[in-house]
Amino acid sequence: RMALCMIEEAEKRGDLKPGSTIVDQSTGNTGPALSFVGNVKGYPVKIFLPAQLKSAYNSADRVRIARLYGAEVTPIDINEFVDGADQLQGVERAASFVAIRMKQAYDLQQNDPSNWWANQLCNVDNTKAHREFTGQEILEQIDGKIDVWVASVGTGGTLLGVAQTLKEANPELRIAGVVPTDDPRIEWVRSRAIHKALENFGVPKLRFLIEDVLENNVMDKEITVENADAKNMADRLCREEGLYCGMSSGANVVAAIEMAKSMDKGSKIVTVIVDRRDRYSAEYPNEHYVV
């Protein structure tokens with residue numbers, strides 16, 4: 001949904017046209033999504049993934065799917081670009097891992113304008129997809145007032161886009177953002193570490209969708225979910241509900257249950273199942289929560 005909206009809006013603007021190539025960085029499921037939509041529409045797709053993040057991370061399934069759809073997938077080893085990369089810690093390390101892959105996409109677009117950088121982390125059409133489609137679908141499918149919206153912060157697109165639609169229908173809507181304990185994405189935006197890293201790599205200042213979430217105080221509550229809790233809930237959803245979903249979905253449901261504890265009986269709490277378990281099978285039994 002998000003990939004389709006970003007691509008079709010770029011086509012309308014003339015940024016993406018016959019002969020163009022779609023480029024972006026990804027750690028999760030946006031890479032396969034761009035590969036699917038792009039190649040069906042006849043655009044070559046290039047995706048940059050990290051060569052390494054942490055011991056549990058294994059992108060083999062996402063890489064395999066993207067390549068099956070026809071994408072060119074290139075793992076980026078930060079050690080080839082940053083001296084002393086192994087010494088980086090915490091937020092600074094996380095920001096640098098993302099920034100170096102963003103630089104690859106940025107450079108491709110700068111060197112050849114026929115390359116279109118989807119830039120999922122900053123692309124307002126990411127938010128638009130969820131405001132105009134996901135949010136509207138939720139309103140149509142749920143009868144009556146929605147009291148709480150819960151979603152992974154992720155890129156910011158799903159959380160913000162759906163929130164805008166549901167908030168318009170119910171100004172009293174409460175919004176909870178879900179953050180994994182070991183993915184400090186929101187912190188590298190908060191601390192501006194990502195801006196510093198991009199500047200160091202020669203990429204002009206960008207505005208991230210998460211900045212819209214933070215500066216507009218979109219979240220009433222920020223819920224941190226442990227990787228183990230996300231995995232356990234994903235296991236339960238598989239076995240008890242027949243939902244073959246992944247870690248991000250498990251985390252969303254954990255957070256939705258947490259919100260339910262503070263709500264009145266009969267309140268309507270909505271979250272979203274966003275990923276499939278088979279995208280993480282290469283990591284089994286230690287599947288990693290990647291948003």
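The values are calculated or read from the model by the stated rules, or taken from the named source; none is laboratory data. Since we're looking at a predicted model, the values are computed, not measured. Glycine gets a Cβ as well: all are built from the backbone with ideal geometry, and neighbour counts include every protein chain shown.
Test residue 67 against the stated conditions and say whether it is charged (D, E, K, R) and modelled with pLDDT of 90 or more. Spell out the reasoning first.
Numbers: charged (D, E, K, R): yes; modelled with pLDDT of 90 or more: yes.
Yes.
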Checklist entry - Which one of these does residue 159 not meet: (1) in contact with a Phe, Trp or Tyr (Cβ under 6 Å, 6 or more places away or on another chain); (2) closer than 19 Å to residue 141 by Cα? => result (1)
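Between 92, 187, 137, which is more than 29 Å from residue 256 (Cα to Cα), acidic (Asp, Glu) and surrounded by fewer than 20 Cβ atoms within 10 Å (Cβ to Cβ)? Explain how you work it out, then say what you get.
Working: 187 fails: more than 29 Å from residue 256 (Cα to Cα); 137 fails: more than 29 Å from residue 256 (Cα to Cα).
Result: 92 is the single residue among 92, 187, 137 that is more than 29 Å from residue 256 (Cα to Cα), acidic (Asp, Glu) and surrounded by fewer than 20 Cβ atoms within 10 Å (Cβ to Cβ).
Sort through 205, 196 and tell me the only one that's in contact with a helix residue (DSSP H, G or I) (Cβ under 9 Å, 6 or more places away or on another chain), basic (Lys, Arg) and surrounded by 14 or more Cβ atoms within 10 Å (Cβ to Cβ).
Details: 205 fails: surrounded by 14 or more Cβ atoms within 10 Å (Cβ to Cβ).
It is 196.
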Checklist entry - Restricting attention to region 226-277, which residues are of a type in the set (S, T, N, Q) and either outside any helix (DSSP H, G or I) or more than 20 Å from residue 142 (Cβ to Cβ) (or both)? => result 227, 232, 248, 262, 267, 271
Next on the checklist: Can you tell me which residue is surrounded by the fewest Cβ atoms within 10 Å (Cβ to Cβ) among those in region 3-51 that are free of Cβ contacts under 8 Å to residues at least 60 places away in the same chain and under 17 Å from residue 103 (Cα atoms)?
Outcome noted: 51
